[in-house]
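Everything on this sheet refers to the single structure shown next.
Laboratory data are not the source of any read-out in this text; all were calculated from the coordinates shown. It should be emphasised that the depicted structure is a prediction, and the values quoted were computed from it without experimental measurement. For neighbour counting, all protein chains shown are included, and Cβ atoms are generated from backbone atoms with ideal geometry for every residue, glycine included.
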Amino acid sequence: MAEIKMIGVVGGGQMGSGIALLAAANGIHVWLHDTDPNALSRAQKYVSTFVQSLVSKGHLSQAAGSDALIRLQCTSNLEDLQSADVIIEAIVEAEDVKKKLFSELDKIAKGSAILASNTSSISISRLASVTNRPQQVIGMHFMNPPPIMKLIEIVRGADTSDETFSSTKALAERFGKTVICSRDYPGFIVNRILMPMINEAFYALYTGVATKEDIDTGMRLGTNHPMGPLTLADFIGLDVCLSIMKILHAGLGDSRYAPCPLLVQYVDAGRLGRKRGIGVYDYRNPKKGKPK
Ligand code: NAI
């Protein structure tokens, strides 16, 4: 494939805005699309604050920071992504919504474009099946936050071509990331292992084994994880965690993947984690309930 000069990112939430920034900081022109205008203004704010912090820490020169901001444009019109060489989807973790989008992208995107999904767990082959270019559909699973985390998990669908895989891997490496490759099974590698652990931490809390603080401290200091599983769940978003558990449960057909009722209850109550100010922990009052 020719050099990637323009990328489209769909979904301007915590992942999409980070992916857009990463691409712009690596010299690529980016169109970032979201249907929600509030999400686009939050994304713009996030990107400029992040660039300023990189400049003030000396990780980026002022000129490079300004160039990255110029390269990144936000739009509420999906058709602006039509010239993109690669379109990376980072919208809500729901198969029907993603399928609808992939079908639209297939019509809008130029014939040579790769359609990548940042899905945490949904089948790439099923997303590819609604397009006329399944050989150009691939999973490109960034870690949160994309500008910082060193890994990208690439997922090949049943029909993903070798050329699409090579171009996607080269793009991930251009971003300075290490690549791992997974076959197309629910949760791939990282979430197949991580989410059951997070779900088990919810069960430990739900059944009164210990306090949230002790569960997190136990995993942090006892197994050398940088943050405890409940803190991490708040960081990822409890709605995202629940969606992934449902996909593991349905796709692997084993009751051990059933989402913990406490996780379900928190999501039902709108306690989605850091992005809503409250999840397992309460972030609205810094003195109350914050993880140590
Ligand atoms: P988020 O909730 O922060 O953002 C999702 C965004 O998508 C929202 O701004 C929403 O307005 C937008 N959106 C929804 N439907 C849309 C549509 N049809 N067209 C355009 N925009 C639309 O979610 P987040 O956390 O950024 O997750 C996005 C994807 O990334 C999900 O598939 C998730 O599984 C995956 N992911 C999430 C990680 C995390 O730690 N949160 C890590 C890695 C992957």
query = Is it possible to state the helix-based mean residue ellipticity at 222 nm for the chain, with each DSSP H run of 4+ residues giving -39500 (n - 2.57), the sum divided by total residues, to the nearest 500 deg cm²/dmol? What is it?
reply = -14500 deg cm²/dmol
Computed label-point distance, nm, for sites residue 77 and residue 49 using a 7 Å Cα→Cβ extension = 3.0 nm
note = Tilt, helix 37-56 to longest principal axis of the chain (alpha-carbon atoms), in degrees rounded to tens, equals 90 degrees
ask   = Gap in Å between the Cα centre of segment 188-249 and the Cα centre of segment 30-63?
value = 29 Å
query = Sorted from largest down, what three extents in whole angstroms do the Cα atoms of segment 73-115 have along their principal axes?
reply = 26, 22, 13
inquiry  = Under 10 Å, Cα contacts only: if you run a Gaussian network model on the chain, which one of 222, 13, 65 comes out with the highest mean-square fluctuation?
reply    = 222
query = For residue 28, what charge total do you get from the other residues with a beta carbon under 13 Å from its beta carbon, if Lys and Arg give +1 and Asp and Glu give -1?
reply = 0
message = Using only Cα atoms and rounding to the nearest 10 degrees, what angle (0 to 90) does helix 162-174 make with the longest principal axis of the chain?
response = 70 degrees
query = Ordered by packing density, taken as the mean number of other Cβ atoms within 10 Å over each peptide's residues, highest first, how do 25-31, 116-122, 133-139, 39-45 rank?
reply = 116-122, 133-139, 25-31, 39-45
query = So what's the angle, to the nearest 10 degrees on a 0 to 90 scale, between helix 95-108 and the longest Cα principal axis of the chain?
reply = 10 degrees
inquiry  = Relative contact order of segment 6-182, please, whole-number percent, based on alpha carbon pairs below 8 angstrom and at least 6 residues apart.
reply    = 20 percent
request  = Beyond 21 Å, what share of the Cα-Cα pairs of segment 1-98 is found? Please give it as a whole percent.
outcome  = 30 percent
note = Fraction of alpha-carbon pairs in segment 152-219 farther than 17 Å apart, rounded to whole percent, equals 58 percent
remark   = Of the listed links 99/169; 57/169; 98/246; 169/275; 45/275, those spanning more than 21 angstrom between alpha carbons are 99/169; 57/169; 169/275
Three-way shape label, segment 6-182, alpha-carbon gyration tensor, a/c 1.5 = prolate
ask   = In the calculated pair distance distribution of segment 192-276, what percentage of Cα-Cα distances lie above 17 Å?
value = 44 percent
message = Quick check: from the Cα gyration tensor, does segment 101-230 come out rounded (a/c under 1.5), prolate or oblate?
response = prolate
note = As a percent rounded to 5, the proportion of antiparallel DSSP bridges among beta bridges in the chain is 20 percent
query = What share of the DSSP beta bridges in segment 115-217 is antiparallel, in percent to the nearest 5?
reply = 40 percent
query = In nm, what is the difference between 0.36 nm times the number of residues separating residue 59 and residue 282 and their Cα-Cα distance?
reply = 77.1 nm
